[in-house]
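Worksheet for the structure shown next.
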Amino acid sequence: MFTEKQLNEMAWEIIGAGITVHRRIGPGCLESAYSPCFALELTRRKLDFRREVALTLRYDELVIPRAYIVDYIVMGCIVAELKAVATTTNLDRRQVLTYLEISGCPLGLLLYFGAMKFSDEVKRVVNNFPEGTNPLCQDNFLIR
């Protein structure tokens, strides 16, 4: 488990990776263009991550594997969700909160690459920060 300070430092690096990509590519591209560049920047910052992480949904006896796909889980504890649109929506925040609850991760970042100024549209979403919670499904990906 990471401390609040460590989580905030990692979040700062993740946001920095996004800023670098946004400065080089700019707004107006598809998420499929931003994502590999973002992955390269995370690698350059020596942040361990997994892309397109499948999360399982359990509803009573029903098990739905791959019900959700998280863009990135960084260092096993921060969800990074990339958007190619310009502005935030409540639905985007709810989506990330759902990912946090299912995975147990304490922090999520919404990264809006379609924004004219990237840093203005980065949003933090928390789940019992800094501890996180027990994942709702033990089959989900976690590095702990």
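The values are calculated or read from the model by the stated rules, or taken from the named source; none is laboratory data. These numbers were taken from a predicted model, which means no experiment stands behind them. Using ideal geometry, Cβ is built from the backbone for each residue, glycine included, and neighbour counts are taken over all protein chains shown.
For the stretch 38-94, the set of residues classified as over 12 Å from the mean Cα position of the chain (by Cα), closer than 14 Å to I14 by Cβ and among the hydroxyl-bearing types (S, T, Y) consists of T43 only. Considering only residues in the stretch 7-22 that are without any contact (Cβ under 8 Å) to a residue 24 or more places away in the chain and out of contact with any Cys (no Cβ under 9 Å at 6 or more places or on another chain), the one that is surrounded by the fewest Cβ atoms within 10 Å (Cβ to Cβ) turns out to be W12.
Scoring G108 on the criteria (1) touching a helix residue (DSSP H, G or I) at 6+ places or on another chain (Cβ under 7 Å); (2) at pLDDT 95 or above; (3) more than 18 Å from N134 (Cβ to Cβ); (4) of a type in the set (G, A, S) leaves a single failure, condition (3).
Scanning the stretch 34-68 for residues that are in contact with a helix residue (DSSP H, G or I) (Cβ under 8 Å, 6 or more places away or on another chain), within 17 Å of Y112 (Cα to Cα) and touching a residue at least 24 places away in the same chain (Cβ under 8 Å) turns up Y34, F38, E41, L42. Number of residues in the stretch 79-127 that are assigned to a strand (DSSP E or B) and not acidic (D, E): the value is 14.
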